[in-house]
1. Just give the residues from the stretch D:32-47 buried by at least 20 square angstrom of accessible area in the all-chains context relative to the isolated chain, probe 1.4 Å, and say none if nothing qualifies.
2. Along its principal axes, what span do the Cα atoms of the stretch C:341-490 show, with the longest given first and each in whole Å?
3. Kirkwood hydrodynamic radius, computed over distinct alpha-carbon pairs, for the protein assembly as shown: how many Å, to one decimal?
4. Taking only the alpha-carbon atoms of chain A, what semi-axes of the equivalent ellipsoid follow from 5 times the gyration tensor eigenvalues under a square root, in whole Å, largest first?
5. From the phi angles alone, apply the Karplus equation (6.51, -1.76, 1.60; θ = phi - 60°) to the stretch C:361-377 and give each ³J(HN,Hα) in whole Hz, x where the residue is Gly or Pro.
6. Find the all-direction average of the projected area of the Cα convex hull for the stretch C:37-194, expressing the result in square nanometres with one decimal place.
7. May I ask for the distance between the Cα centers of the stretch D:472-488 and the stretch C:49-68, given as a whole number of Å?
8. Provide the per residue accessible area, probe 1.4 Å, for the stretch A:1-128, rounded to a whole number of square angstrom.
Amino acid sequence: PDSGGGEAWPTHTACRDGSLEVLYQSCDPLQDFGFSVDQCSKQLKSNLNIRFGIILREDIKELFLDVALFTKGSSILNYSYPICEEDLPKFTFCGRRKGEQIYYAGPINNPGFEVPVGEYQVLLELYNENHSTVACANATVICS
Amino acid sequence: PDSGGGEAWPTHTACRDGSLEVLYQSCDPLQDFGFSVDQCSKQLKSNLNIRFGIILREDIKELFLDVALFTKGSSILNYSYPICEEDLPKFTFCGRRKGEQIYYAGPINNPGFEVPVGEYQVLLELYNENHSTVACANATVICS
Amino acid sequence: ASCRVITSLDWMCSEKEANKTYNCENLDLREIPDTLPDTTEFLEFSFNFLPTIQNTTFSRLTNLIFLDLTRCQINWVHEDSFQSHPQLDTIVLTGNPLIFMAETSLNGPKSLKHLFLIQTGISSLDFIPTHNLENLESLYLGSNHISSIKFPESFPTQNLKVLDFQNNAIHYLSREDINVLKQATNLSLNFNGNDIKGIEPGAFHSKVFQSLNFGGTLNLSVILNGLRNSTTQSLWLGTYQELDDQGLTSAMFEGLCEMSVESINLQQHHFSGLSSTTFRCFTGVQELDLTATHLDRLPSGIEGLSSLKKLVLNVNHFDQLCQINAASFPSLTDLYIKGNVRKLDLGAGCLEKLENLQKLDLSHSDIEASDCCNLQLKNLRHLQYLNLSHNEPLGLQSQAFKECPRLELLDLAFTHLRVNAPQSPFQNLHFLQVLNLSHCLLDISNQHLLAGLPNLRHLNLQSNSFQERSIPETNLLQTVGSLEILILSSCDLHSIDQQAFHSLGKMSHVDLSHNSLPGNSIDALSHLKGIYLNLATNRISVIPPHLLPVLSQQSIINLSHNPLDCTCSNIHFITWYKENLHKFEGSEETTCANPPSLRGVKLSDVELSCGITAVGMFFLV
Amino acid sequence: ASCRVITSLDWMCSEKEANKTYNCENLDLREIPDTLPDTTEFLEFSFNFLPTIQNTTFSRLTNLIFLDLTRCQINWVHEDSFQSHPQLDTIVLTGNPLIFMAETSLNGPKSLKHLFLIQTGISSLDFIPTHNLENLESLYLGSNHISSIKFPESFPTQNLKVLDFQNNAIHYLSREDINVLKQATNLSLNFNGNDIKGIEPGAFHSKVFQSLNFGGTLNLSVILNGLRNSTTQSLWLGTYQELDDQGLTSAMFEGLCEMSVESINLQQHHFSGLSSTTFRCFTGVQELDLTATHLDRLPSGIEGLSSLKKLVLNVNHFDQLCQINAASFPSLTDLYIKGNVRKLDLGAGCLEKLENLQKLDLSHSDIEASDCCNLQLKNLRHLQYLNLSHNEPLGLQSQAFKECPRLELLDLAFTHLRVNAPQSPFQNLHFLQVLNLSHCLLDISNQHLLAGLPNLRHLNLQSNSFQERSIPETNLLQTVGSLEILILSSCDLHSIDQQAFHSLGKMSHVDLSHNSLPGNSIDALSHLKGIYLNLATNRISVIPPHLLPVLSQQSIINLSHNPLDCTCSNIHFITWYKENLHKFEGSEETTCANPPSLRGVKLSDVELSCGITAVGMFFLV
Ligand SMILES: [Cu+2]
């Protein structure tokens, strides 16, 4: 899709291992993005490293992540995390401008936890201070 | 012209001053290039600074410049100058590869000379060790 | 073969202000659409396709002031591209893979002020044509390949105010580099994300700046030694989560002893061996930001901070407020301890030495207290601003803020409050103007809750619930006749007594949105005039004709997302609405719910024709 | 709206080798054309448009070995893009604005060897997916934004031979950075154009390399100190014209004393205070390149170069050959003084201490001498290669090269020669195999010119002219019966005596192009067999039938650009030509000049029909 024709973006693999598989698809009509996680296991390690590449369609002086976790259509968890704030730009990419291409490779400071067996849907949204979408993804987590 | 449609490239101004004006037009069917000279006067200074921007369509392990100077259709001067040679890569851009965009801003180590009044046509060709064209320009020098 | 698309098919630029401001982003346009008026002044044209910019590209739009060409795949900006744009003030070229800009490519504008060349592949400053930049005030060059900030001699720097080099490859600053900027006064210079490894001694000697940003530099001693004998209003030296951090030592700050700096930010660094002498060279500093510097205490008897005015200690690891050893900065007026990572115990009198404190932010810090807040806030006689929002439950004493008699703003949002005494915990805050009690789970039925607040202007009670889902005639608002702004959104209200607001005569802004109020609740506002009234998302279906005058006398009204009735039983209101459209906010979402045939139709588009007996109805879109 | 062009209209890929090698450059293609065979192995697909690469993009071409996708505007390389390409060996992605490469994007090839990621916007090495790179031998990362060469732990470096980081933003090399590469043996590491400002002490300790390139670094002491205790075959430390150069001092080379280096290049630097101790630390060096280092002399008694084998002094400013003080490098076997900027006076016996000299290049150095060359080349008993081409006029004595009895190659091209004696100046060069006398303006009529050259195999006489524009029966070639290759192009020849080459029985390559020879000149070659014969650009119109056997017995013939006659008078030749097309080179340019109706038609396309009386002729294209 060149600029939001009807076509959907391809489904990507964020990581795949023996027990865990994470797939995602961009739900931003304007663009796809790239994402991967350095390891994938039921016993999710803390401080994972990720790779993330995208074109910014908005300034990100402030940037927030909303995560909504579902299983079989019912919501389990909603979570909002500030990534860049005016008084605490956590990462080097905070403050980049609309039109810039950014690539982040590094730790995300997550806590470690065990993923219970099951299939989950995750809706991820990155948006800025004006609530404009920076990225949007439908992810599927399959843990066996 | 996206890839050599019939259209010609626009005519550009390399420099323009009281007494001297240099115009050029790319004669490479595949692409235009950007060029300017920091000053323009009848009494041409030595060691001019130029700016030059282009996409390389060929590797330039070796790079040569051919200059042919005409006035009223008759040839006055032909001149060939090695810019990059295997055993003497003069500039930092020597050795760049096909597909790279290069931008050079700096001195060209020319001798100073006086440009006699008149209108001149100059054919410039940059080519590599295989005689593949890297850039080609028809220039007009008007000295009043 | 080139690829042309007939643009008129694609064109859907949106108008922001008629004849002036247009947004054509993301439309895959290959030229300026004919439908754009000649008079356009502000044009957002990002994410289209314009490989070559030349003098014909925008020639029709001679009034352009602001032009955003972000990521239009521009390779070339040819001669005189803006020759017919004398008013042009801002050009944004961010994200374009520029190959060449002609010497005269920026000629034309009389006073070009702002130029954005972020991520355009620039490797040296002489890429930027120097003609016609005499009036340039800001130059954004972030995310390029620039390794030297040496401007060409011909570059006019005298009016520069903002010079942004963030995220380039600048590793060394020479004396000559900085000297070129000496004509610029009040310059803000941004080297964030460059990891500068060397500064020539004396490079910044007697230079004055508005702000300097060296964020993300790994070795701060290089910076602070390099800045000796310079002056700057603000100095940003923070780092970032994903970078390795060496740890700040006292020695690194040596250079500061010979600098004049008003405000310093060290966010996200670690301190190695923080001691009472670490800040020895900070004597002139007025503001210090230590956000997220992994502190669990500040040593006692710190030298160098005795004249500090503002201290930011957000997102640190204190257990107890006394661990900041407040006595080291007795001149403090502003203290921020927001988002403390551990549960923060307020202790007793930990801030009592801060006699001049005016602003205190303790929000989001997991604070819990059963008997608040006089012991905790002891001696803060000059405190004007107190933020305790987003904490754990607090029990408030009567006159809980007696120690802070000059409070003007008190924010308790999202902190669950228990009021331990029958009297008002806010009693006698004579200067209090703003009180935020949203999401406090308060017992609103206590009529004395707000007693003794003679100057309260702004009261936020969002998401507190009233007994019986109603505001009775006698209620806690009667004591605050000075109120101008009242927020009662999401309070689960089903009704309001007609007399509920009778003592509130000064109101200018009433927010009753997100409740379940019916149309006749409007009656409670009949004594008010010229207010902003938000009734969005309620249960209003019919507004009886006798209440129309109440609405008529207000200035702006929001009725969006109500289940409005579009039958003849509501004809008076609908007719009046359409005559008074200018009064309404959110009219796009002000739609019919009934009859089913009109569900979702904008009220402004409904055409009713009602006789004494309803004879029919229809609508026009 | 996306923009699609039907590619079949555009498609004009050119075939280089049937079913195997195709070039589809610059065609604005948006996919692999259907016309490309499934068996394609080498595909040049540069300068097209493929924003997204995914597993379907190339899936049909399962035999791919080499894939060049330079500047195809690729943003994405998705999962498993090359899964059906087990043979793929080389992927070129130069000049694509990559946003992301999926973790498995390079999976598929069994042994991916060469990966080009030049100018793809990469800012850190973890952009490159590490899967399936176990066999990677070369990784080209030039012109990116890389500031640290730290590879991710999972990156397989063991087979790397070439790691090219030129023109990035690398300013510091840490011990850890270099350690990651310790598995790679024989590595060539290129940091050209990075201006490295620091190397952690010990970073290169006991590391071994094939070559190291730090070209364009301003401060060489940083490099040479950083390289202590390392070993490298070649070390390239040159600089470039447009860079400011600090000037090399003896102190800068300290680090070399503790390194093992075979070959060093310092091109285009300046020396500050060049003295006899400057090269003190060069004792182990075998090859030293000082091209264009602005030298006008080398000090006498230089220490450290006594075992130097090869010295390059091209493009310097010597006035006189003795100024190089050759005695300092007595072991020299190769000496290059090419393109000297000033007029170089050869002096007398300046090189007499170089007893082992085998190769001497003095070309393009404005050398002039009236009485050459025994005094000048005194004592060069082992010289095998001598290049004096492109100089000013030389007067040659008889036995002019007696001092160099072992010469095997003598190049005098473009140097005007005056032969002062009646005897041959080349007399008694028993080992001479190659003699280049092109453009020498020689007096070719001297029959003894080439006497005493029993082993001459290759003689180039291009652009010398013969008296009366003809090679007579008795001529200078009679004394060189050992000749195998003879170049007589552009000698303005109008005829050749039938017996002119009779003493040349060993010839395998005769170039007579660019003369004015008629068809019957071929007679002079009747005693030769199986040769390569170039007769391009002569005046051959008709080849008489009795000479066809002479052509028949040769292996390759070039008759292009001759004014060939395509009337019935030449029918025998034309018929024979078409039967023997495989023998001919340049058949595209082998065309008719006559009759006018056939001018420019390829000879191979002509169809003649001639009776005893010509009845007509026609051709088919
Ligand atoms: Cu020189």
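1. D:F47
2. Largest to smallest, the principal-axis extents are 46, 30, 24 Å.
3. After inverting the mean inverse Cα-Cα distance, the result is 39.4 Å.
4. 24, 19, 14
5. Calculated HN-Hα couplings, in order: 10, 10, 6, 6, 10, 6, 6, 9, 7, 8, 9, 10, 9, 6, 5, 5, 10 Hz.
6. Spelled out: convex hull of the Cα atoms, projected over all directions, averaged, 8.3 nm².
7. Result: 72 Å between the Cα centres.
8. Ligands and nucleic acids excluded, the figure is 46 Å² per residue.
The values are calculated or read from the model by the stated rules, or taken from the named source; none is laboratory data. Every value quoted in this text rests on a predicted model; they were computed, and no experiment measured them. Virtual Cβ from ideal backbone geometry, glycine too; neighbours counted across all protein chains shown. Keep in mind that these areas ignore ligands, DNA and RNA; they rest on the heavy atoms of the full protein, side chains included. Shrake-Rupley method; radii C 1.70, N 1.55, O 1.52, S 1.80 Å.
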